Amino acid sequence: MLAIFRKEIRSFFSSLTGYLVIGLFLLITGLFLFVFSGGYNILDSGFASLDPLFQLAPWIFIFLIPAICMRLFADERRMGTLELLLTKPISLSKLVFGKYLASLALVALAIIPTLIYLYTISVLGRPVGNFDLGATLGSYLGLLFLAGCYCAIGIFSSSFTSNQIVAFLLAVLLCFVSFYAFEALSETSITGEKSYILEYFGINFHYESISRGVIDTRDIIYFLSVIFLFLKLTEQNISRNKIRR
C-alpha cells in the first residue's frame with residue numbers, strides 16, 4: 001500500500017496535476033477572499049473570520065477533487081496496467097486505500113497553505129488574535145472530512161471507466177448530489193415544511209455542524225461511513241471486472 005501511495009504522489013508531482021490543483025485552489029480562494037468585492041471578501045465584511053473560505057472551498061473541491069481522482073483507475077484501465085496491479089501480492093482493499101490516501105494527501109497539501117489566511121485575520125483582528133479559534137479548527141477538520149468524502153466518490157467514479165472525462169463528470173455529479181441535493185430536496189418538501197430527516201443524509205448538514213467548533217460523534221461517524229461506503233463500492237466494482245476478465 002505504501003508503494004502505491006508513493007507511486008501516486010510521484011505521479012501527481014511529476015506532471016502538472018499536483019501543482020495545478022494546489023495553485024488553482026490558492027489562487028481562486030485568494031482572489032475571492034481578498035481581491036474580488038462581494039460576500040466572500042474578508043476585508044469588506046469587517047469581521048476577522050475565515051467563514052467565507054469554508055463556504056467557498058466545498059464548491060471549489062466539487063471540481064478540483066474529481067480532476068485529481070479521475071485518472072486513478074481510469075488511466076490504469078486505459079493503459080492495461082490494472083490487470084498487472086491485480087496480480088501483485090497486495091490485497092484489493094490496500095490497492096484502493098493506497099490510491100485514496102494519495103489523493104487525500106494532495107488535497108491536504110492544498111489546504112495547508114491557507115493557514116496564511118488564518119495568520120492574516122489574526123493580525124488584522126482588533127485586538128490582534130481576536131477570532132474564534134474553536135470554530136476555525138472545527139471548520140478545518142470538517143473540510144478535511146469533506147475532502148475525504150469527495151476523494152472516495154472520485155475514486156469510485158474512476159473505477160467505472162477508462163475515460164477520464166466520463167469519470168470526472170460522474171464524480172462532479174455525485175459530489176454535488178451528496179453535498180447539496182439532499183438539502184435542496186428538504187427545502188422543497190411537498191408538505192411545505194423543511195424535512196430535516198432528508199437533509200441529514202447530505203454532506204453539507206454535517207459539514208456545517210462540525211464547522212461550529214463542536215465535535216459531534218454523529219458527524220464523525222457519518223463522514224467515515226460515506227468514505228467507507230464508496231471505497232467498498234470501488235473494491236466491488238473492480239472485483240466484478242476482474243472476474244469478468
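The values are calculated or read from the model by the stated rules, or taken from the named source; none is laboratory data. Model, not experiment: these values are computed from the prediction. Don't worry about glycine lacking a Cβ; one is built from the backbone with ideal geometry, like all the others, and counts go over all protein chains shown. Ligands, DNA and RNA are stripped out before the accessible areas are found, and what is left, the full protein with its side chains, is counted by its heavy atoms. Shrake-Rupley method; radii C 1.70, N 1.55, O 1.52, S 1.80 Å.
Assorted remarks:
- Taken over the range 41-62, the criterion of being closer than 22 Å to GLY18 by Cα and loosely packed, with under 15 Cβ neighbours inside 10 Å is satisfied by TRP59 alone.
- Among the residues making up the range 14-25, a single one is surrounded by 14 or more Cβ atoms within 10 Å (Cβ to Cβ) and free of Cβ contacts under 8 Å to residues at least 12 places away in the same chain: LEU20.
- Conditions (1) touching a Ser or Thr at 6+ places or on another chain (Cβ under 7 Å); (2) open to solvent by less than 50 Å² (accessible area, probe 1.4 Å); number of the one not met by LYS99: (1)
- When the range 8-53 is filtered for residues that are of a type in the set (S, T, N, Q), assigned to a helix (DSSP H, G or I) and within 26 Å of ILE121 (Cβ to Cβ), the ones remaining, listed by number, are THR29, SER45.
- Meets criteria (free of Cβ contacts under 8 Å to residues at least 24 places away in the same chain and either surrounded by fewer than 16 Cβ atoms within 10 Å (Cβ to Cβ) or touching a helix residue (DSSP H, G or I) at 6+ places or on another chain (Cβ under 7 Å) (or both)) for GLY38: yes
Here's the yes/no breakdown for (1) within 20 Å of LEU170 (Cβ to Cβ); (2) modelled with pLDDT under 85; (3) in contact with a strand residue (DSSP E or B) (Cβ under 8 Å, 6 or more places away or on another chain):
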{"residue": "SER15", "(1), (2), (3)": "no, yes, no"}
{"residue": "ILE22", "(1), (2), (3)": "no, no, no"}
{"residue": "THR29", "(1), (2), (3)": "no, no, no"}
{"residue": "ASP75", "(1), (2), (3)": "yes, yes, no"}
{"residue": "LEU109", "(1), (2), (3)": "no, no, no"}
{"residue": "ILE112", "(1), (2), (3)": "no, no, no"}
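- Flag for ASP75 being part of a helix (DSSP H, G or I) and either over 22 Å from SER162 (Cα atoms) or without any contact (Cβ under 8 Å) to a residue 40 or more places away in the chain (or both): no
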